[in-house]
1. Give me a count of the residues in segment 373-416 that are more than 16 Å from ligand 1 (Cβ to nearest atom), open to solvent by 20 Å² or more (accessible area, probe 1.4 Å) and not small (Gly, Ala, Ser).
2. Run Gln214 past the list (1) modelled with pLDDT of 90 or more; (2) surrounded by fewer than 22 Cβ atoms within 10 Å (Cβ to Cβ); (3) within 16 Å of ligand 1 (Cβ to nearest atom) and report the number of the one that doesn't hold.
3. Would you tally the residues in segment 117-138 being more than 16 Å from ligand 1 (Cβ to nearest atom) and open to solvent by less than 60 Å² (accessible area, probe 1.4 Å)?
4. Hey, any hits in segment 682-690 for a residue that's open to solvent by 30 Å² or more (accessible area, probe 1.4 Å), at pLDDT 95 or above and under 31 Å from the mean Cα position of the chain (by Cα)?
5. Has segment 341-353 got any residue that is within 45 Å of the chain's Cα centre (by Cα) and part of a helix (DSSP H, G or I)?
6. Identify, please: which residue in segment 417-464 is within 16 Å of ligand 1 (Cβ to nearest atom) and in a loop (DSSP other than H, G, I, E, B) and is, among those, nearest to Glu707 (Cα to Cα)?
7. Kindly check whether there is at least one residue in segment 763-781 that is open to solvent by 10 Å² or more (accessible area, probe 1.4 Å), at negative phi, modelled with pLDDT of 95 or more and of a type in the set (A, V, I, L, M).
8. Limited to segment 135-161, what total is found for residues that are of a type in the set (S, T, N, Q) and modelled with pLDDT of 90 or more?
Amino acid sequence: MKTLYEQWFPSDFQGFFQKKMPHDLPKAYDPTAIEDHWAEYWVREKLFAVPTPEPGNASGQNRDPAGQAFTILLPPPNVTGRLHMGHMLNQTEMDILTRWRRMSGRKALWLPGTDHAGIATQMMVERQLTEEGTTRQALGREAFVARVWEWRRHYGGAILDQMKRLGASVDWDREYFTMDERLSVAVREAFVRLYEQGLIYRGAYIVNWCPRCQTAISDLEVVYDEHKGHLWEIRYSVLSTSGQDSGEYITVATTRPETMLGDTAVAIHPEDERYTHLHGKKLRLPLMNREIPIVLDEWVSREFGTGAVKVTPAHDPNDFAIGERHHLPSINVMDDRAHINGNGGPYAGLDRYVARKRIVEDLEAQGLLAGIKDHIHNVGHCDRCKAIVEPRLSTQWFIKIQPLADKAIAAVEEGHIRFTPEMYKKTYLNWMSNIHDWCISRQLWWGHRIPAWHCAVCHKITVPRPHSKEDPTHCSHCNSDQIVQETDVLDTWFSSGLLPVSVFGWPNIAKGEGAPDPTHLETSRSDFDAFYPTSLLVTGFDILFFWVARMIMLGCWFSTDVKMPDGSERPLSESVPFKEVYIHALVRDANREKMSKTKGNVIDPIEIVKQYGTDAVRFTLASMASPGTDIAFNVARTEGYRAFANKIWNAARFIFMNVDKAAEVGIFPHRDLLGGMPAVDEDAPLEARWITSELWSTAGKIEDLLENYRFDEAANTIYQFVWGSFCDWYLEIVKLRLDFSVNTDRANATQNLTTLVQVFEASLRLLSPFMPFITEEIWHAVYDGNPPAKSIALAKYPFGDEGMVDAAAIKAMTFIQNLITETRGLRKEIGVEEKATVPIEVRADAASSKIVEDNREIVERLAKVSELRLVSELSAGLAKHSTPAFDVAVIYERTIDVSAERERLTKECARLEKLVANDEKALADPGFTGKAPAHIVEGRKKQLAENQLLLAKCRAALDALPEE
Ligand SMILES: [Zn+2]
Ligand SMILES: [Zn+2]
């Protein structure tokens, strides 16, 4: 005879259940145990790789007709970087969007890479050299650059390794480094084309010079701090026509007296009547004994100071402009380290601040110092090394910003790029319409060396022809072979500004020739056709101008080389590097303070992840990330989301336990129904109709919210659904249906079990972009380790449909929930013990009574009701709660432990007697009543009355106790 077990078990399941259950999750949720495993799995299995599409035909079949690919570039972190909270937020947002789009059926490509970070990396390696007692100069350029590459091989991958551990769903096969060969080709090509188009020039210009980093730095890399300094007033002697001191002086004022060594004029306003008689006169420059002219310039403010300003064209941008207008010579008086150079006469060789002191002393000694005033002014510091920046004339390479800027403005004005929050559109347009020519040269050794050669014979410049990969060997002007390559490198933002075109193969594809260059096999037209323009850029405000604006300028400029897949010209709408820009907020500390090393309030994301798990940290950031609002990161919230993950874990264990119990009697959920959206019959139990409706409606909301970058509301909506609706209500109710005894209705039990597993499985998918690790772990368990895809990230995202929402079920369930909540509240108020079941009376209209009647077992179970009586009038004398829709009363007589209660009340009476005695004593004391303010005395009287009342009640309760 067959055993019960053999009768019920389909033969193919027998072996299965004799083994350990694959969905047997460990009792405790331990994020580190599961996260390391899946992070490694996702990378190893190349789950997020998006290979270059097969070359399509001319009609552009590579483009996904359903709305193209979803492409997003990771803002490349500096190769020197370590992950901070800003990255964590940025990457969480990108990962949520990419995972969501991927699961929603888009071809989702998130492309990672690192930036070679010119100054930062060079400094890092220079610091190493200092420790070794050497310098880059001693090493020489070639050896130094080799050292930097070596450094990069050892340490450069750190930040991407951190990203891998955090589960970012990027395509690691496409990882780039901005100094990679193929990207360097693009940099060179962009330079030579702009040069040929007359948009790159070399010129003398005042740049922000960092004497520590010994390079020009961009305006954006200068940080201004308020400084308490001085304004030194210096007298310049007016010369007579014969060149003698006339005895008259003009007084000028300066905050940087050392720059006077390079003065080449003093400027006054042409209509300044104080100086009309000096028009055309000359002055003697103190200390240097140089004759300098007085020039008339309307830029000079008559109201400021004496109305006369010294002009140092080589050390001040405004003075430089005056110098240009009046054809004044520029005398640079400082070297690269901001020491006075040979042009500084007796001060040559001195550090700028030593020279300042000496100059002021010398002026004073000669009676030429008219005064010193305290002066608060802004001083620029190098953003990297904090040294005080020296405005200084030098020869640099520039990009003529027009017409690039106009095109970049049009792209945004015409709506081809959308900013979120929208206010950044205005910021961008404002900045772009005031933009200056872009200084692209840096005096560094680490970076893309400028592809231009100087001729020692004719002093002209030779730049390779476009598409040429050979370095020139002869001057293109005089054919001399005496040519040397420019020593400057390009600004890092020049290469990162090209990324959207260069990572997809520009300029190689631009030639439109058949076979791609064999050295660039990984790129092809197909990539560009499939992925350009990218869909979205997620970045911080701090690099809106550095990077975002430059990508728009360069992207719009160069992508027009590449025809559309159908052979037509590329319109501006398809030239933009991205269609949308989402600017995320700052992560601050819990007190809304900006995180800073000096304040010591920096939160290390890796530490928090170790403590709470990546999923909880991601969820914290998402739940607080709304457009335009900074995040006050609070660990208490992360703790809460860690508890959320725990809740989900326990729900999974509960569900699996029931699946196992059901299997013991041969009941199995319909596995083939998993993976989609659940639908139930009209006659299914209320909670089944309700939870499926909730799921459909939640999925719809999430889609809208993510579409609009409302990460916060999306996270909170899922949280409410999973914890509130699913765990707190549905799981509690469904316990009623999980009866897997021999006599159970097998069809119903199967259906109920199926709905339970279906809704749970769909919830995991809904949550997966936010908490990818725990959902992956449990999802595999749902399928007993044999899921329909390699990862939940490749499963289908739940989608919404209002048509699938059963409004009647939601209405009925809401009524039942309210009834349960009121009943629970009432029980608590009247002190019903937690475990006791009690009868209740409910009064409601006919329709609602029908709902209660149909679902009485739900109310009885969840509100611990022994008997639910539907009445037309509540019995008198019962504790009750009323709502507009119903009244509910709990029938309860407390059973108490009489002796314990007598002891408690006796103590309470004694305590009150003491208080009353104290109050009476105080009020009888004239020392108190006479001296204390009236309101204090009144207060004491009131207190006495209250205590007397409480004492009376306590004694009555004691008297009312039955005899033991
Ligand atoms: Zn510096
Ligand atoms: Zn030449």
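The values are calculated or read from the model by the stated rules, or taken from the named source; none is laboratory data. The structure displayed is predicted, hence computed values, not measured ones. Backbone-built Cβ (ideal geometry, glycine too); neighbour counts: all protein chains shown. Note: accessible area is taken over every heavy atom of the protein model, side chains too, but ligands, DNA and RNA are not part of it. Shrake-Rupley method; radii C 1.70, N 1.55, O 1.52, S 1.80 Å.
1. 17
2. So Gln214 meets the others, but not (1).
3. Counting residues in segment 117-138 that are more than 16 Å from ligand 1 (Cβ to nearest atom) and open to solvent by less than 60 Å² (accessible area, probe 1.4 Å) gives 3.
4. No, segment 682-690 has no match at all.
5. Yes.
6. Only one residue fits best here, namely Gly447.
7. no
8. The first filter runs over segment 135-161 and keeps only residues of a type in the set (S, T, N, Q), leaving 135, 137.
From what's left, modelled with pLDDT of 90 or more: none.
So the count comes out to 0.
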